[in-house]
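The values are calculated or read from the model by the stated rules, or taken from the named source; none is laboratory data. Being a predicted model, the structure only gives us computed values, none of them experimental. Because the Cβ atoms are built from the backbone with ideal geometry, glycine has one as well, and the counts that use them run over all protein chains shown. Accessible surface areas use protein heavy atoms only, side chains included; no ligands, DNA or RNA. Shrake-Rupley method; radii C 1.70, N 1.55, O 1.52, S 1.80 Å.
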Amino acid sequence: MYLFLVLNLNTLWVAVSIAMQHGHYDMCKTQTKSDEGIVWEYMACQPESKDMTQFLKIRLDPPNSTCGDPPEPFCTMGNPYMCNNECDASTKELAHPPELMFDSEGRTPSTFWQSVTWKNYPTPLQINITLSWNKTIELTQNIAITFESGRPEKMILEKSLDYGVTWQPYQFYAADCLDAFRMEPKSVNDLSASTVLDIICTEEYSTGYAAHAKTISFEIKDRFAIFAGPRLHNMASLYSQLDTTKNLRDFFTVTDLRIRLLKPATGATFVDERNLGRYFYAISDVKIYGRCKCNLHANSCTFTNNRLACDCEHNTTGQDCERCKKNYQGQAWSPGSYLTIPKGTANVCVSNMPSIFSKVAHSTVPPARVSSHKRANICDNELLRCQNGGVCHNNVRCQCPHGFKGILCENQKCEETGSCPSSKSGQESITHNLYLTTMIIVARLCTL
């Protein structure tokens, strides 16, 4: 009898808890029809892809590598004897600070960051440009770096997954890969499903000087296409791979990017030491599209106090929705799944409040769980929660025998007409009062 009341209390809390969740997660769930009627199905969710350069911080190393302090002349690559240009940090029209890499383009002449010239040749003109988000992001489109001057003859794009503590190469770029990095030149088109994570050196963007060829790319979409097809028409296949292969997910995830400029464009096989003012780096635009990594537990990400953070749902919390909220740790936290129902799951964090009531009753009642169909387990044949001969159906509801009703088939239908034996009235009163007490407790908890 006492255990029966505890089970009733546990079931009531589960129902109330789920109802509370439904009211708060409109963007990560949907109503669908099933054999049980209209049910809620939770789904993995993620923020939209956007231009992430508006949220980054930039750092140059060495810090005095931007031209203009002191002012200096520079020459054009196409005509080394045309040296009537000047970079002057103290004059707005002649300054080329780093933030001009990310401003709105379309103006004439274009705006760009520019480095100092190679006036200290033969000392290498090497500059690191570090882009930091202080947040994990997932890349969704090709990274494009547009150079106002000639594209560098030697460059490395690097990534960090631990906020710049450690770095690993993303791609090598060189006019001669064998000479620069002791690597055979390759194209991303040479990659396959088994080599998609290979780090390659490409000569596609660095060979020779061409005034019309200004962009260097890191091909994200071409790697997606290995799984999703040339026009990315089969994204389900890509998501299936991302869901089951952590290394693949990590490959497209970064906290920081670093552009290592190792040798500027020379346009020839040798450096003209008489015209060193023609050698420098100049970047007019950087495009990096991606989304906040929220472990598939948020569909939006906000930028407040100069910091990106996921707007977590599914009862999760943290900058990346990387843990369950307090009192929602009924099972271990897990990221959401890209896979669709029934294989995938949103992995909603589940309330652990039923265990509190269980302790009060000195009885152990397993907490509610969320199934792969994203519905709470109301019943369990193994634990025989269905009462009075009821049969558990898909862990979702009890199929009650004739004459009984309720979530666990705990009530007789005769109660509606008042024709039940009088011996039931005492139990009905206790159960009714217990429900009222529980609802009061729940209401107070909701206001905390």
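Mind checking the stretch 272-336 for trypsin sites (Lys or Arg not before Pro) that DSSP puts in a loop (not H, G, I, E or B) and that have at most 12 other Cβ atoms within 10 Å? Walk me through the numbers on the way to the answer.
Details: sites: Arg274, Arg278, Lys287, Arg291, Lys293, Arg307, Arg323, Lys325, Lys326; in loops: Lys293, Lys325, Lys326.
Sites meeting the loop and neighbour criteria: Lys326.
Residue-wise, which Karplus ³J(HN,Hα) couplings in Hz belong to the stretch 47-56, taking 6.51 cos²θ - 1.76 cosθ + 1.60, θ = phi - 60°, and x for glycine or proline?
Once rounded to whole Hz, the list reads x, 6, 6, 8, 5, 8, 5, 6, 10, 8.
Determine the sum of side-chain charges near Glu158: Lys and Arg each +1, Asp and Glu each -1, restricted to other residues whose C-beta is under 12 angstrom from that of Glu158. Walk me through the intermediate numbers first.
Values: positive: Lys159, Arg258, Arg260; negative: Asp256.
Combined, the nearby Lys, Arg, Asp and Glu give +2.
Provide the convex hull volume over Cα atoms per residue for the stretch 212-322, in Å³.
Values: hull volume 20.6 nm³, N = 111.
So the per-residue hull volume is 185 Å³.
Which links in Lys119/Lys263; Lys50/Lys135; Lys119/Lys159; Lys33/Lys325; Lys50/Lys293 stretch past 24 Å when you go from one Cα to the other? If you can, show how the numbers build up before the last one.
On the way: Lys119/Lys263 13 Å; Lys50/Lys135 15 Å; Lys119/Lys159 30 Å; Lys33/Lys325 30 Å; Lys50/Lys293 13 Å.
Correct reply: Lys119/Lys159; Lys33/Lys325.
What trypsin sites (Lys or Arg not before Pro) in the stretch 152-223 are in a loop by DSSP, with at most 10 other Cβ atoms within 10 Å of the Cβ? Don't jump to the answer; show the numbers that get you there.
On the way: sites: Lys154, Lys159, Arg182, Lys186, Lys214, Lys221, Arg223; in loops: Arg182, Lys186, Lys214.
Within the stretch 152-223, the qualifying trypsin sites (Lys or Arg not before Pro) (loop, at most 10 other Cβ atoms within 10 Å) are Arg182.
Per residue, how large is the accessible surface of the stretch 116-173? Use a 1.4 angstrom probe and give square angstrom. Walk me through the intermediate numbers first.
Values: 2070 Å² over 58 residues.
About 36 Å² of surface per residue is accessible.
Can you tally the net charge around Gln46? Count Lys and Arg as +1, Asp and Glu as -1, for every other residue whose Cβ sits under 13 Å from the Cβ of Gln46. List each step's numbers first, then the result.
Numbers: positive: Lys50, Arg249, Arg291, Lys293; negative: Glu48, Glu138, Asp243, Asp311, Glu313, Asp320.
Taking every other residue near Gln46 into account, the sum is -2.
Can you send over the carbon and sulfur percentage of the accessible area for the stretch 223-342, probe radius 1.4 Å, protein chains only?
Values: 2520 of 5400 Å².
Reported share for carbon and sulfur atoms: 47 percent.
Just grab the label-to-label distance for Gln399 and Asn327, each label 7 Å out from Cα along the Cβ direction, in nm (one decimal).
Using points 7 Å along Cα→Cβ, the separation is 3.7 nm.
Pop the C-beta distance of Asp272 and Thr244 into the FRET formula with R0 = 56 Å and round what comes out to the nearest 0.05. Intermediate values should be presented prior to the final figure.
Details: r = 54 Å, r/R0 = 0.97.
The computed FRET efficiency comes out at 0.55.
What distance in nm separates the two pseudo spin-label positions at Ile38 and Asp61, each 7 Å out from Cα along the beta-carbon direction?
The modelled label-to-label distance comes out at 5.8 nm.
Taking H as built 1.01 Å from N, whose amide H comes closer than 5 Å to the amide H of Cys67, not counting residues under 5 places away?
Counting only residues 5 or more places away or on other chains, the set is Gln114, Ser115, Val116.
Just to check I understand the Karplus step: with θ = phi - 60° and J = 6.51 cos²θ - 1.76 cosθ + 1.60, what whole-Hz values come out for the stretch 115-127, glycine and proline as x?
Here the 3J(HN,Hα) series is 8, 5, 7, 7, 6, 9, 3, x, 4, x, 8, 10, 9 Hz.
When Lys and Arg each count +1 and Asp and Glu each count -1, what net charge do the other residues less than 15 Å away from Ser90, Cβ to Cβ, add up to?
Values: positive: Lys92; negative: Asp69, Glu72, Glu86, Asp88, Glu93.
Residues close to Ser90 contribute a combined charge of -4.
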